[in-house]
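Worksheet: one structure, shown below.
The values are calculated or read from the model by the stated rules, or taken from the named source; none is laboratory data. Here the structure is a predicted model, which means the values were calculated and not measured. Cβ: placed from backbone, ideal geometry, glycine included. Neighbour counts: every protein chain shown.
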Amino acid sequence: MSVKFKHDDTYSMYFCTFTCFDWLPLIDITNSYDIVYNWFNYLKSKEVFVIAYVIMPNHLHCILHFPSPNFNLNKVIGNGKRFMAYEIIKRLHNKEETLLIQSLSNAVTPRERQKGQLHKVFKGSFDAKPIFSDKFLIQKINYIHHNPVSGKWNLAEDFVSYEYSSASFYEVGIGQHFVPIHYKDL
């Protein structure tokens, strides 16, 4: 039995990561980068700010800032994953990815199916680390921005040129309407 963990709302900023089921490149297969941006826009409308991000083919890293207390990080991430999952499945249907859709359906546990889940698009859990210092914030921003060119990834010539990241905003000032301007000066 999994235990639900409520993230402390003492900290107002979190480094968050969530991953596609089985590390499948579902974001890339369905070209769903735009749905992540739609989620960011929704968060901004609710006064939750994306400080930095990178959208990878099979996972997402972001730093979220909650300027008001009493937020529910689990709900914010859970709703975002659910919103994105519906759209990813819709796009897989449009691409006639029948075997992949069936595989994602087969991965749903009986308990999840009882709750109405039809497909396993994302891993059930997510990672969230509170940002408790400027040093940790800068470390996580650098990690996020270098992710597309680190390890096995070779998604761009250099980290600044990776299209689905806030790196260009921080490094060369190319506009990002998701990122509040005052975080650029870190």
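Points to keep in mind about this one:
- Tally, over segment 94-109, of residues that are outside any loop (DSSP other than H, G, I, E, B), surrounded by 11 or more Cβ atoms within 10 Å (Cβ to Cβ) and out of contact with any helix residue (DSSP H, G or I) (no Cβ under 8 Å at 6 or more places or on another chain): 3
- The set of residues in segment 125-159 being aliphatic (A, V, I, L, M) and either within 25 Å of Asn74 (Cβ to Cβ) or surrounded by fewer than 17 Cβ atoms within 10 Å (Cβ to Cβ) (or both) consists of Ala128, Ile131, Leu137, Ile138, Ile141, Ile144, Ala156.
- Subset tally (residues that are in contact (Cβ under 8 Å) with a residue 60 or more places away in the chain and β-branched (Val, Ile, Thr)) for segment 57-91: 3
- Test: residue in segment 56-70 that is at pLDDT below 95, surrounded by 18 or more Cβ atoms within 10 Å (Cβ to Cβ), outside any strand (DSSP E or B) and aromatic (Phe, Trp, Tyr): yes
- Test for Ile51: is it touching a strand residue (DSSP E or B) at 6+ places or on another chain (Cβ under 7 Å), outside any helix (DSSP H, G or I) and surrounded by 20 or more Cβ atoms within 10 Å (Cβ to Cβ): yes
- Note on segment 164-186: among residues that are in contact with a Phe, Trp or Tyr (Cβ under 8 Å, 6 or more places away or on another chain), assigned to a loop (DSSP other than H, G, I, E, B) and farther than 17 Å from His65 by Cα, the one that is modelled with the highest pLDDT is Tyr164.
- Test: residue in segment 80-92 that is within 23 Å of Asn41 (Cα to Cα), within 14 Å of the chain's Cα centre (by Cα) and acidic (Asp, Glu): no
- For Ile27, the stated conditions hold: it is surrounded by 21 or more Cβ atoms within 10 Å (Cβ to Cβ) and under 23 Å from Glu96 (Cβ atoms).
- Filtered residues of segment 118-137 (kept if over 15 Å from Tyr53 (Cβ atoms) and among the hydrophobic types (A, V, I, L, M, F, W, C)): Leu118, Val121, Phe122, Phe132, Phe136
- Of all the numbered requirements in (1) at pLDDT below 95; (2) under 27 Å from His145 (Cβ atoms); (3) not in a loop (DSSP other than H, G, I, E, B), Glu112 misses one, and that requirement is (2).
- Cβ pairs under 6 Å, 6+ apart, first in segment 37-55 and over 19 Å from Pro148 (Cβ atoms), second modelled with pLDDT of 95 or more and not hydrophobic (A, V, I, L, M, F, W, C): Trp39/Gly80
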